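Accompanying notes for the structure given below.
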Amino acid sequence: MTVEGILKLKPNKIVISPGPKDPSFAGISEKMIRVCVEKDIPLLGVCLGHQAIASALGGSIIRAKNIVHGKLSQINNDQFGVFKDLPKNFKATRYHSLVVDPDNIPPDLSISAKTKTGTIMGIRHKNNLIEGIQFHPESIATEFGHQILNNFINL
């Protein structure tokens with residue numbers, strides 16, 4: 001698949017899913033993210049997709065202080081965008097060893113969610129309908145996962 005091939009499909013929204021390694025190994029993901037910004041196509045990045053959003057827009061990805069695989073964490077969120085109508089705090093499943101560097105957030109992004117210990121769990125573009133979440137909404141153990149995905153669909 002190519003960015004051009006995806007654009008020929010005329011998507012009204014795009015999801016960049018989880019995957020292994022770091023954004024530099026995520027194929028066309030970073031290019032697709034920049035095109036979504038340019039063409040104002042709503043996009044949701046999950047896990048690796050979340051990291052790819054930050055990386056594509058100039059942020060850094062670093063090794064997490066604590067590696068988490070299949071662990072639940074409390075997510076503190078801003079209750080906007082994909083977090084609309086959710087409680088301020090909920091539990092979500094995490095599977096990752098890399099995170100968005102809090103000391104190098106691109107100027108076009110804001111932090112929309114964190115863990116209790118301050119690990120970034122959500123980012124949002126300031127001018128476009130582009131959001132990233134580090135945790136897995138599709139996991140059965142994540143509270144409100146379906147609502148998060150519905151919120152993205154209804155952006």
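Only the coordinates and a few stated rules stand behind these numbers; no lab work does. None of these values were measured; they are calculated from a predicted model. So basically every Cβ, Gly included, is an ideal-geometry build from the backbone, and we count neighbours across all protein chains shown.
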Gain in length, ILE67 to LEU155, computed as 0.36 nm per residue apart minus the alpha-carbon separation, to one decimal in nm? 28.5 nm
Whole-Hz Karplus ³J(HN,Hα) for segment 22-38, in order, using 6.51 cos²θ - 1.76 cosθ + 1.60 and θ = phi - 60°, x for Gly and Pro? 10, x, 5, 9, 9, x, 8, 3, 5, 5, 4, 4, 4, 5, 4, 5, 4
Treat each spin label as a single point 7 Å out from the Cα along the C-beta direction, and report the LYS84 to SER17 distance in nm. 2.6
Stick to Cα atoms and the Kirkwood definition of Rh, then tell me Rg/Rh for the chain. 0.93
Nearest-0.05 FRET efficiency for GLN147 and LYS116, computed from C-beta distance (R0 22 Å): 0.55
Determine, for MET121, MET1, the number of other Cβ atoms within 10 Å of each Cβ, and report the residues in order from fewest to most. MET1, MET121
Looking at the P(r) of segment 49-105, how many percent of alpha-carbon pairs lie beyond 17 Å? 51
Among LEU109, LEU129, which comes first, then next, by fewest other beta-carbon atoms within 10 Å? LEU129, LEU109
If each residue of separation counts as 0.36 nm, what is the full-extension length gain between LYS126 and ASP101 once their alpha-carbon separation is subtracted? 7.2 nm
Counting other beta carbons within 10 Å of each Cβ, put PHE90, PHE83, PHE135 in order, fewest first. PHE90, PHE83, PHE135
